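Novice: Dumping the structure here so I can ask a few things about it.
Please treat every number below as a calculation from the coordinates, not as lab data. Quantities reported herein were computed from a predicted structural model and do not represent experimental measurements. Cβ sites come from the backbone with ideal geometry, for glycine too, and all protein chains shown count toward neighbours.
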Amino acid sequence: MEESRMNIYRVSRSIKKKENSLYNALKSIYEDSIFVGEIAEIWSQLPLVANLRCGLWYSRQFHSTCYFKSTDGHCNNWSFNTSRLNLHIAHLAGQKGGCIIVDSTRKGKRFPDSMAKTIPIWTCVLNQAIRNYLKNDRSTDDSESNSSMGANVDRKNMVLDWDCSLHLPPWVSKTEKASIEDRLEEWTKELEASGVDIGSLASALEKPLRPLWVSQKTVIWLNEVPAVDSWDFTPVILVSASCSMGAIQQRTTTSEFSWNYISGAGDDEESWARGLTPNIFWKHVYDLIASGPDVCNQKVADIVEKDRVYRAHRGQTAPQITIKPKNLSPNNHSTTIENQGMDHDVDTRSSTESGTMFWLGSTNVAVCTSQNASTIHDEIDCILNCSKELVSHSLPDASMYLQLPIVTSKYDRFSLLSHLPSALKFAKLNLSKGKKLLVCCPDGEDISICVCLAILTSLFDDEGLYNGGKSFTETCITKWDMRKRIVFICKFATNARPSRGNLRQVFNFLNKDRCISSQ
């Protein structure tokens with residue numbers, strides 16, 4: 001009986017593995033991308049934005065990226081996260097009259113929770129903060145001179161008409177909606193107290209933000225699609241790329257190969273992508289789709305290795321990836337790829353952001369990826385490399401370069417914590433001399449951001465002025481203090497997305513042997 005159960009288990013695992021093959025994932029992504037392209041064409045004037053990381057697979061080109069987490073929208077775990085404000089998306093929507101955000105989900109839902117609740121909460125909180133700002137703005141004061149009376153009336157009407165209600169999709173229950181609404185005022189106060197420039201948001205947005213939901217089940221009459229500027233709100237169109245049908249299905253296409261559809265195939269790329277990234281996928285999409293399921297794995301392995309060698313020859317970050325064939329039948333060309341300390345979240349940003357170095361205000365501190373650090377020399381004086389890969393540089397003095405092999409908290413819970421003393425010593429030594437410091441890490445979004453957070457908290461005052469740590473020694477650092485500085489960093493480094501594990505290490509370091517507060 002036990003042996004029979006094991007056989008059934010092995011067969012079911014084998015079937016599931018075959019259904020979730022690499023070819024099925026890539027073919028599913030390609031088919032779903034056609035739908036995304038159709039929606040983008042309907043509102044062609046609106047910028048296309050990918051919600052990292054899953055959404056980035058579903059189009060060849062994105063205008064920008066954002067990072068809204070589904071966990072912030074899970075029932076009874078709703079959150080407005082000040083470390084992921086995505087303010088650049090609000091500004092972008094204001095400039096372009098709206099935007100289209102692409103994401104997907106594997107859970108059989110039409111929309112991921114990031115779209116069903118996280119983004120609606122975000123739009124509502126921003127709208128409330130903007131309305132409060134407009135109310136308190138002097139231009140709405142009745143005591144203004146008569147010469148500006150007309151403008152004041154228009155401004156007051158704008159405040160009265162500013163929609164701050166919570167817009168959720170109809171499948172969210174009234175009970176859950178009421179529970180979220182009870183916390184909106186609290187989240188709005190947190191945003192206002194965080195130091196965010198609400199005035200610039202109010203200037204960028206002529207109309208309040210409002211989410212709209214589009215999936216493959218949505219019926220759109222093309223001759224009745226309203227013009228964007230005819231709406232009395234700034235649309236944030238949320239496009240769920242995948243089909244929501246729970247059962248894996250055969251798709252009818254012109255393909256000569258039999259394949260099974262995977263809903264939300266772009267999700268959790270570490271488990272299936274085998275080193276492939278969205279950028280590489282779209283460079284070779286037609287070859288991969290035409291290769292068929294039998295040779296797809298080997299094709300991907302060859303492409304990934306060629307890309308690694310290409311980057312290595314140019315002195316760019318190129319982690320080694322080894323490929324070990326399984327003991328399978330001769331007709332099965334499947335391979336596995338073992339990760340040699342590589343985080344697969346490499347090169348997952350849009351091409352519009354991939355070459356960017358972000359200066360953090362006037363602090364003389366900048367942040368970027370390790371790959372881009374090797375090409376940036378004219379604007380910086382010293383480099384703090386927070387990765388295991390070397391960064392080629394032409395700095396005149398070797399003491400101007402420091403490498404700290406920091407890994408994410410997923411691999412080592414104390415890696416960042418143990419290297420922060422060396423990072424701060426190097427930063428203080430150079431910043432005290434007026435030098436310009438570049439902090440880099442593999443993705444330029446997590447470790448380097450957290451190191452910059454520690455530097456700004458330890459060596460700068462609340463106004464962003466360098467004081468060598470004087471204010472740091474005179475006060476306790478609370479989580480609220482850290483939030484304010486994260487908001488400051490995110491204002492300039494729009495791709496920042498520090499992980500909770502690394503933020504926790506920074507907080508513990510800043511309060512080591514000092515009074516600790518969690519307020």
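Novice: Quote the FRET efficiency, to the nearest 0.05, computed for Thr473 versus Lys177 with a Förster distance R0 of 56 Å and r equal to the Cβ-Cβ distance. Before the final figure, lay out the partial values.
Specialist: Details: r = 47 Å, r/R0 = 0.84.
Rounded to the nearest 0.05, the efficiency is 0.75.
Novice: Could you compute the FRET efficiency for Ser44 and Leu212, with r as their C-beta to C-beta distance and R0 at 22 Å, rounded to 0.05? Intermediate values should be presented prior to the final figure.
Specialist: Values: r = 16 Å, r/R0 = 0.74.
Here the calculated transfer efficiency is 0.85.
Novice: If r is the Cβ-Cβ distance from Ala398 to Gln61 and R0 is 51 Å, what FRET efficiency results, to the nearest 0.05?
Specialist: Values: r = 40 Å, r/R0 = 0.79.
According to the calculation, E is roughly 0.80.
Novice: By how many nm would the segment from Glu463 to Asn77 lengthen if fully extended, with 0.36 nm per residue of separation less the alpha-carbon distance? Mind showing how you got there, number by number?
Specialist: Details: separation 386, 0.36 × 386 = 138.96 nm, distance 3.30 nm.
Extra length from Glu463 to Asn77 when fully extended: 135.7 nm.
Novice: Need one number: nm distance between label points at Asp163 and Arg311, each 7 Å from Cα along Cα→Cβ, rounded to one decimal.
Specialist: Going by the 7 Å Cα→Cβ label model, 4.3 nm.
Novice: Which value in nm describes the separation of the simple spin-label points at Ser362 and Asp294, placed 7 Å from the Cα toward the beta carbon?
Specialist: 6.8
Novice: Asp381: net charge of surrounding residues, Cβ under 10 Å, Lys/Arg +1, Asp/Glu -1, itself excluded?
Specialist: Counting the neighbours of Asp381, the net charge comes to +1.
Novice: Within the stretch 181-232, report the chymotrypsin sites (Phe, Trp or Tyr not before Pro) that DSSP leaves as loop and that have at most 13 other Cβ atoms within 10 Å. It would help to have the intermediate numbers written out before the result.
Specialist: Details: sites: Trp187, Trp213, Trp221, Trp231; in loops: Trp221, Trp231.
Those satisfying the criteria are Trp221.
Novice: At what distance in nm do the modelled label points of Trp231 and Ala204 sit from each other, each positioned 7 Å from its Cα along Cα→Cβ?
Specialist: Those two pseudo-labels are separated by 1.7 nm.
Novice: Students often get this wrong, so check it: of Lys174/Lys410; Lys174/Lys479; Lys410/Lys479; Lys174/Lys491; Lys484/Lys512, which have C-alpha atoms separated by over 29 Å? Don't skip to the answer; put the middle values down first.
Specialist: Values: Lys174/Lys410 37 Å; Lys174/Lys479 33 Å; Lys410/Lys479 22 Å; Lys174/Lys491 35 Å; Lys484/Lys512 20 Å.
From Lys174/Lys410; Lys174/Lys479; Lys410/Lys479; Lys174/Lys491; Lys484/Lys512, over 29 Å: Lys174/Lys410; Lys174/Lys479; Lys174/Lys491.
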